[in-house]
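Here's the structure, in structure tokens; my notes come after.
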Amino acid sequence: MTNKSRRHLAALTVTSAMVALAACSPSSSGGSGGSGDAKNVTLSVYSWRTEDVAAYNAIFDVYTKAHPGTKVDFKAFKNTEYNLKLTTDLTGSKGPDVVQVRSYGQLQPTIASKSLLPLDDVVDLSKWDANVVKSAKGKADGKLYAVPLAQQTLQMYYNKDLFAKNKLTPPTTWAEFIAVNDTLKKAGVVPMAVGAKDDWTLPMLHQVLAAPRFGASAFETAVMTGKKTFNDPDWVASVDVVKQLQPYLPESVVGVAYTDAQILFTSGKAAMFPGGSFELGFFQKQNPELNMGVFQVPAPVGSPSMDPTTTGYADGAFGISAKSDAQDASKELVKWMATKEFGQLVADKVKQLSAVPGVSYSDPLLQQMSENYTKNPTPYLLLVDFRYGLPSGSVLLGTGVQEMLLGKKDAAKVSTDLQTGVSQWFKPTT
Amino acid sequence: MSRRSGFLFVAPALLLFGIFVLYPMASALSYAFFAWQGTTRGGFVGLENFVALFTQEPFTTQLPRAFGHNIAFFVGTMLIQNTLGLGIAVLLHKRARTRRMLQTLYAMPYLVSPIVIGYLWTLLLSPTFGPVNALLRKVGLDSLALPWLGDPSTALWVVVLVSAWQWVGFPVLLYGAALGGVPEELSEAARVDGASHWQTFRSIVFPLLVPAIGTVSILTFIFAMEAFALPYALGGSTGSPAGATDFISLLFYRTAFENGSTNAIGISSAIAALLFLVIFGGAVVATRVLRRHQDRVAA
């Protein structure tokens, strides 16, 4: 190689490495902001729901009709790019006024950078589900920074036609649940569609199958106050429930992707799908013929409480940018977002479970999920309480369950590793 | 021309380079030395973020594991992709008429985004619907119908193979160009002296290819250390199954963007800085070693 080409090579090496590093640095970009005097205000609202732009525009039309002089400029950005967009635009002076923000742990960096206004004096959410309200609070100061928008519930979906064909009904006891699985398996149907290749689905699976086994809400209180840890025998037994049910999951389940599991269910190859309320729209669109129902999995044998539960968590909220130059108008809008009128509009137009209490749903399945949750609520423990640090509890349990399904760890080891991992940052309140 | 007027001529380029490459790079590096509250920079903490990488879970287990996978990915790519690429380039070199077309065909997959390639192969290899396993079962190779991406012992090698499948056209092109630069007279002279094909290749062509091999190796090293899109598409941000396909960039991504800790920027910048050092240092050392080796082979 000549001297020149050597130098070229060296230069090439350096620049490639530099580009790699430069790609990691956040850059700032401007955004258009809310502007105008008190009478004529345009509020810029950010969201990651690109698929719901029409629905939100219709919702805000209702608001602007009742509030002449206020205009709402709703902008949606791609879900995967939203966090970055929010981070950069909230630091700039021309950022948005009202922003959709993440929930629970993922909200904390936004709060810590003092990008949001505290809303304790603006809205009163004392009648709301405490689990849901927690999603919008600062972990460090306990202040409310946003109004929760939607919530999700976790439950078991089932294919009514496949159940009828095999003369099955939704089980009410654990023995019946096992019998349902056995019958389906013998009939050549995959009993439960699960995609364990995507580890984020596994803490949800655990929650749907075994929340009563670890003690549901009672365990949450105990673990948050330090009375119990994830080494608790009931918790370990709840993780083991997933292992015991492995024969009823698809073959080589750790190789099955989440999207494969969805297709297994919508195509009628699998009879049940443990999943969130967020699946409903996709399932209905994918196969409009699909005759679906939902049920709560009965409590496993040996559970501290034999009540079945429906798991829930808040999913997204709206807060006010601390840099907004139209704070009064923004507060008005956010106040409205805490009303039943707004909640009902979200339910009707966006077709999601609203975080506002007392909203009704035209879709019978959404209505049933909402009622189930109201009757026997329990938090999605790993999401609600254990995503405030690194390593995140959901990732630890997700990858741990993968290893358990691969036969590399048992339930006790998965639980110990979870406990060791979260104790890096989690301190119980005594 | 005086030194000063020479400087004036390169100033515009230097300015652009400074603003768009050096400045963002230096500021990204500097982030690693501060504590962060979300996007607000806190106090200077010296090497604390780096110390955390080597003393705190999950980094103490995940960083070495991810690094090992990057190295395995590099070695695998060198052995499979680049060896295969050299072989194909040599064979194509002899086919004057169809060479161009075949080179283009081999290079096709790398025109497609690795994300797309990754999802495509996830579908192909799916144990439930994937045609690969269905085909294996059809021809009686049931024992080979494995959950390729669901088993920690095969998943990493699937990443290597899919990557090789996508990128094999790249060494084919580079080696093809280098082979074109080998004077035909030398091979002819060797053949007149009675050298076999293999002897000609081993003693004449190969030594003349060493510079190209060096370039390809170093580019492969950088490529393997930065690997992100394909592993992300094949195994998600946690390197499924159970971290078997975790890479340093994925660890960086998880730390920076999927993290409830408020110091995410500080720690993730430390990972980025470390990755930069490894790539930069590795590339410099590799260049030195190759240069020395090259002088020996060429001598």
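Laboratory data are not the source of any read-out in this text; all were calculated from the coordinates shown. Note that the structure is a prediction, hence the values are computed from the model and not measured. Positions of Cβ are generated from backbone atoms using ideal geometry, with glycine treated the same way; all protein chains shown enter the neighbour counts.
Our note on the geometry: Cα centres of the range B:74-107 and the range A:328-374, 59 Å apart.
With Cα atoms defining each centre, the range B:217-239 and the range B:240-299 are spaced 10 Å apart in the structure. Across the range B:56-298, the relative contact order, built from alpha-carbon pairs under 8 Å that are at least six residues apart, equals 27 percent. Other residues with beta-carbon under 12 Å from the beta-carbon of A:M404 carry, at +1 per Lys or Arg and -1 per Asp or Glu, a net charge of -1. The equivalent ellipsoid of the range B:209-256 has semi-axes of 27, 10, 7 Å, largest first, where each one is the square root of 5 times an eigenvalue of the Cα gyration tensor. Computed from Cα atoms alone, the Kirkwood hydrodynamic radius reported for the protein assembly as shown is 28.6 Å.
Based on Cα atoms of chain A, Rg over Rh with Rh as the Kirkwood radius reads 1.02. For the protein assembly as shown, the antiparallel share of DSSP beta bridges with both residues in that region comes to about 65%. Backbone geometry of the range B:45-57 corresponds, through the Karplus equation with coefficients 6.51, -1.76 and 1.60 at θ = phi - 60°, to 3J(HN,Hα) couplings of 10, x, 8, 3, 4, 6, 4, 4, 4, 9, 10, 10, 5 Hz, x marking Gly and Pro. Remark: the range A:262-270, residue by residue, has Karplus-estimated 3J(HN,Hα) of 4, 5, 3, 6, 5, 8, x, 7, 10 Hz, where x stands for each Gly or Pro and the curve is 6.51 cos²θ - 1.76 cosθ + 1.60 at θ = phi - 60°. The order of A:R213, B:R3, going from fewest to most other C-beta atoms within 10 Å of their C-beta, is B:R3, A:R213. Considered as an equivalent ellipsoid built on the Cα gyration tensor, the range B:42-98 has semi-axes of 46, 14, 6 Å, the largest given first. For chain A, what is the percent of antiparallel DSSP beta bridges, rounded to the nearest 5? Rounded to the nearest five, the antiparallel share is 65 percent. For chain B, taking the reciprocal of the average inverse distance between every pair of different Cα atoms yields a Kirkwood hydrodynamic radius of 22.4 Å. Mind checking the angle between helix A:53-66 and chain A's longest principal axis? C-alpha axes, 0 to 90 degrees, to the nearest 10. Once rounded, the angle reads 60 degrees. At 10 °C and 1.306 mPa s, what whole-number value in µm²/s does Stokes-Einstein give for the translational diffusion of the range A:336-430, with Rh from the Kirkwood sum over Cα pairs? After rounding, the answer is 98 µm²/s. Peptide B:268-279 shows a mean partner chain C-beta count of 3 within 10 Å per residue C-beta.
Each Cα pair under 8 Å and six or more residues apart adds its separation to the average, and for the range B:158-241 the resulting relative contact order is 37 percent. With the convex hull of its Cα atoms as the shape, the range A:195-257 has an orientation-averaged projected area of 4.3 nm². In chain B, the calculated helix contribution to ellipticity at 222 nm averages -21500 deg cm²/dmol per residue, counting -39,500 (n - 2.57) for every DSSP H run with n ≥ 4. Among A:S238, A:S330, A:S305, the residue with the largest mean-square fluctuation in a Gaussian network model of chain A, with springs joining Cα atoms closer than 10 Å, is A:S305. Across the range B:61-71, rounded Karplus estimates of 3J(HN,Hα) from the backbone phi angles (6.51 cos²θ - 1.76 cosθ + 1.60, θ = phi - 60°) give 9, 7, 5, x, 4, 4, 4, x, 5, 4, 5 Hz, Gly and Pro being marked x.
In chain A, the longest principal axis of the Cα atoms and the axis of helix A:3-22 are about 80 degrees apart. Taking a point 7 Å out from the Cα of A:E251 in the direction of its Cβ, the residues of the range B:131-173 whose backbone N falls within less than 17 Å of it are B:131-151.
Seen from a random direction on average, the alpha-carbon convex hull of the range B:102-242 projects onto 11.4 square nanometres. 222 nm [θ] for chain A, helices only, -39500 (n - 2.57) per DSSP H run of 4+, per residue, to 500? Mean residue ellipticity, 222 nm, calculated: -13000 deg cm²/dmol.
Which is farthest toward the positive dipole end of the range B:56-298 among B:P109, B:L251, B:A264, measuring Cα position about the Cα centre, with Cβ charges +1 (Lys, Arg) and -1 (Asp, Glu)? Towards the positive end, the residue furthest out is B:P109. Based on C-alpha pairs under 8 angstrom that are at least 6 apart in sequence, the range B:159-299 has a relative contact order of 22 percent. Cβ crowding within 10 Å ranks A:M292, B:M225 as A:M292, B:M225, fewest other Cβ atoms first. Listed from fewest to most Cβ neighbours within 10 Å, the set B:R292, A:R49 follows the order B:R292, A:R49.
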